[in-house]
Every structure is written in structure tokens, then in C-alpha cells.
Amino acid sequence: MIRRQNGDRRNRDRRKNAGRPQTARWKLRLLAIALAGSLSIILLWGGELVLELGRTDPGIAAMQSAAAAGRPFDPRSRTMVVTDLRAEGVSAVPRLVPAAMLEEQEDGVQRSILEVDGAELLPLAGISNETTVLCNETGRYAIYESDEHGFRNPAGSWTAQPVDLLLIGDSFTIGECVAPGETIADRLRVDWAGTVNLGYSGHSPLLELATLVEYGRTLKPRITLWFYFENDDAWFDLGRSRNSPLLMRYLETDFSQSLVDRQPVIDQRLRDLVNDGLAQPDETGPYQRSRDSLRSSSRQLLDFLKLVRTRHEFAKLKDVSTPSASDPDDPLLEAILRRARDHVTSWQGELFVVFLPGVWHFDSKSDAPSWARRDLRDAVARRAESLNLRFLDLKEVLENHPDPLSLYSFRGESRLGSPHMNAAGYALTGETVRNMLQE
């Protein structure tokens, strides 16, 4: 009995002692895992810090470069510029963005904030025959005299016949942010005096179709050039406007707001917006935008913790495409282009699609927007060609340029936003289109 008790005790002791090395090994393993994890996090955040410190913001660098060279850089907001012009006796107005007049309702529907006799009204341009303050990206505000329907054209463009070229598009087409004489349309007028520019800031494919339907039949151009910039398919462009029942009606063959005949009403409604406090998004001066961006420490900290730059670099190594908020192959884009083609051919005109790339394609350090996708150009080209439309690829032209970044208002993606082309970029675009048309 005593021998058995001693044996049981020895067995218990062996089991107890056997567990101690096992527990110690697990503790060592957990400690090693914790140390490896901590080291990995330190290395990742250290790499993120190196990437952040090694990347000078292109927009701020452009301002600093201008200051170092002694070039003037206007720090005022658009509202301040309008106010100063009015103080000098100039009847100036800010650029008004039709897309920004769409307001989301509780059910998700986008509806214009303007009404006439209880019916929805959505203008497609600004106030007519006014000094219009556009924007500033290169140091000086672009200011132009709007035409009789609120677009950026010389006086008399609507009455000159015949109209050779009609330009449809967004902010690149209107010519943000360059001086008069430096837009794509200005370059084309050298060879085709009858060129009318109906491009406008913030337009999406649906707004561009609406513009073509409302004004195209009045002008009956021989050739319509539809300029398609990459963000036209993003959520804030086509993604938002597709939720507007009014804009979706432009896919119908007989719908129109009759905007040509309602210009006095449009002007009055838009003046009311301006008089309510220079309404519509204010273009703050570049200096202020840079200060606001730098002050956004919480956002910068969040981006840092999320390893935004590091993940972007890995994505580039893997050649990963960032998904767009909407698919450029979806049936809506084809329906829009088909409706545009049929409308243009109703007066025996011809429709061309011109693809404009974003600056991030040409900057290896650039953070492409969340909606950017590598196959967008091919998707738009397929849609155009399936409808027998001529397609012109500016992306290919810029890729063959010795310094593509020199064609934009600053070199690369910036916390100030994606830049538009500068005068040289618009000139190259105009020359490319001219060569295509002269073939």
C-alpha cells in the first residue's frame, strides 16, 4: 500500500513537472509572436513615415515654386474675387455648378433645388452675359465673359453659321483654370471659327447628354466632340446624376426643359442663389486650401494609421486595379452615348469621343483616386466603337510626351485635389484633335 502511494505521488509529480516546460515554451512562443508583430507594425509605420516625408505635396510645391520665382499667386477665395470686382464696379458672378444644384432627398432621389411654378428646373450652365470668376490653380484666377446662355464662348458664337465644331464635356472642356484664349475650344477656333464650347464644370455624362439635347439642335454642328474625363463615371458624377429622374428623362427621344427659351428665368433663379450669399461651392484660394489641408491633423493621422501610402505602393507593385464606384461597361453609359449619337445624326452630324486621362497615370508617386481604374479607357473605347463612334485617346498621346506632368497645373496628385491641364496641356489636346479632324 505504501509503495503504491509513493508511486502515485511520483506520477503526480512527474505530470506536474512535465507541464511546467510546456507552459514555459508556450509563453516563449507568445512572447516571440508579440515581438514579431510589434516589430512588423513598427517597420510598416516607419515605412509609411518615410513615404509621407519623402513625398512633397505637388500643389503646395507649385505654390512655393511660384513664390520662389517671384510669380504672383492670388491667395483670395472666389467669393473674395467677386466681391472685389463688384467694388470696382464690375458686375461679376461666381462660377455656378449645375451638378451641385442636385440635392439628395430622403428616398435617395436627386432633385434640383430650383423650381419654376412648382416644376423642377435644372440649368446646365451659369448666368448669361456676365463676368464669371472660374478658378485658380496656377496663381491667377481664370475670369471670362459668359455668352448668351451662360457658357464660355466669345460674343456672337451662337449666331455665327455654320457651326463646325461643338464641344461637350466637363471642367477640362470649359478650360479650368486657364485664361481666355487658352482653352481647347480657343485652340480649335484657329482653324474652325464656328466652334462652340458647351463644356461646363462638374458635368457628368447625363448632364452632358442633357446639354447636347437642349442646345445641339439649335446649333446643328457638323461635328460634336464629346470629351470624356476619367471621373465622369465616378459616384459624384454619373453615380449621383443617375439618381435624378429629371436627368434620366433625357434618354427619352422627346424630352426637353426648353432651356434655350427660358434663359431669362434661368438667370433670375441663378441670381437669387448668388444674392443669397454667393451660393454654390466657393473656390477657396490655394493658400487657404493648403493651410486647411495641413491643419487636418486628425485625417492625416488616420491615413497614417491606415498605411494609405504603403498600401498604395503595394497595389502598384501587384498592378492591382482600383474598382470604380460604377462600372463603365454598364448599360447606362451605352444608352447615353447611343442617345447622343442618334440626336447628332438627326441633323446629319457626326459624334466623336475624346478620352482625357488623369494626372496620376504619369506620376509614379501619385495616389490614384479611389474611383480610378486602369481599364476605364478600354471600357469607354469599346462602348464608343460598338456604336460606330470615332474614338480619340489622349492618354496614349500624353504617354508619348517627354514630360506629361508638365501639361498639368501642378505635377501630380495633391491633397489640394487632382489638377486640370494648364495652357500647354490644352494646347496639345487641341492640336491632337485638329490633326485627327484634318485626316
- Task: Would you point out which residue out of L134, L96, L121 is in contact with a Lys or Arg (Cβ under 8 Å, 6 or more places away or on another chain) and either acidic (D, E) or within 20 Å of L247 (Cβ to Cβ) (or both)?
- Result: L121
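Only residues that are closer than 21 Å to R240 by Cα and touching a helix residue (DSSP H, G or I) at 6+ places or on another chain (Cβ under 8 Å): list them for segment 209-223, please.
Correct list: L209, A210, L212, V213, E214.
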- Item | Extreme residue, surrounded by the most Cβ atoms within 10 Å (Cβ to Cβ), among residues of segment 331-360 that are modelled with pLDDT of 95 or more and part of a loop (DSSP other than H, G, I, E, B) | G349
- Task: Scan segment 141-161 residue by residue and report those that are small (G, A, S) and crowded, with 23+ Cβ neighbours inside 10 Å.
- Result: A142, G150
- Task: Hey, can you tell me all the residues within segment 373-409 that are of a type in the set (A, V, I, L, M) and not in a helix (DSSP H, G or I)?
- Result: L387, L389, L392
- Message: Exactly one condition in (1) over 24 Å from V265 (Cα atoms); (2) surrounded by fewer than 21 Cβ atoms within 10 Å (Cβ to Cβ) is false for L165; which is it?
- Response: (2)
- Task: Taking only segment 84-131 into account, find how many residues are among the charged types (D, E, K, R), assigned to a loop (DSSP other than H, G, I, E, B) and modelled with pLDDT under 95.
- Result: 4
- Task: State all residues of segment 179-218 that are closer than 27 Å to R140 by Cα, in a loop (DSSP other than H, G, I, E, B) and acidic (D, E); if no residue qualifies, say none.
- Result: E182
- Message: For segment 237-276, give me the residue count where each residue is small (G, A, S), surrounded by fewer than 18 Cβ atoms within 10 Å (Cβ to Cβ) and within 23 Å of S171 (Cβ to Cβ).
- Response: 1
- Of those in segment 176-203 that are farther than 15 Å from A427 by Cβ and small (G, A, S), the residue surrounded by the most Cβ atoms within 10 Å (Cβ to Cβ) is G199
- Message: Looking only at segment 137-157, how many residues end up being in contact with a strand residue (DSSP E or B) (Cβ under 7 Å, 6 or more places away or on another chain) and closer than 23 Å to D261 by Cβ?
- Response: 6
- Report yes if some residue within segment 358-372 is of a type in the set (K, R), over 25 Å from L238 (Cβ atoms) and touching a residue at least 40 places away in the same chain (Cβ under 8 Å); otherwise report no. yes
- Identify all residues within segment 132-154 that are of a type in the set (G, A, S) and modelled with pLDDT under 95; write none if there are none. G139
- Message: With the requirement that a residue be farther than 13 Å from P357 by Cβ, buried (at least 23 other Cβ atoms within 10 Å of the Cβ) and of a type in the set (S, T, N, Q), what does segment 370-429 give you?
- Response: S409, S414
- For segment 145-189, how many residues meet the condition of being under 14 Å from T211 (Cβ atoms), touching a residue at least 60 places away in the same chain (Cβ under 8 Å) and among the charged types (D, E, K, R)? 1
- Query: Are any of the residues in segment 178-193 within 24 Å of P98 (Cα to Cα), in contact with a Ser or Thr (Cβ under 7 Å, 6 or more places away or on another chain) and modelled with pLDDT under 95?
  - Reply: no
- Looking for whichever is assigned to a helix (DSSP H, G or I) and either of a type in the set (G, A, S) or buried (at least 22 other Cβ atoms within 10 Å of the Cβ) (or both) here; the options are T138, T173. Which one fits? T173
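The values are calculated or read from the model by the stated rules, or taken from the named source; none is laboratory data. Note that the structure is a prediction, hence the values are computed from the model and not measured. Counting neighbours? That spans all protein chains shown, and the Cβs are built from the backbone with ideal geometry, glycine included.
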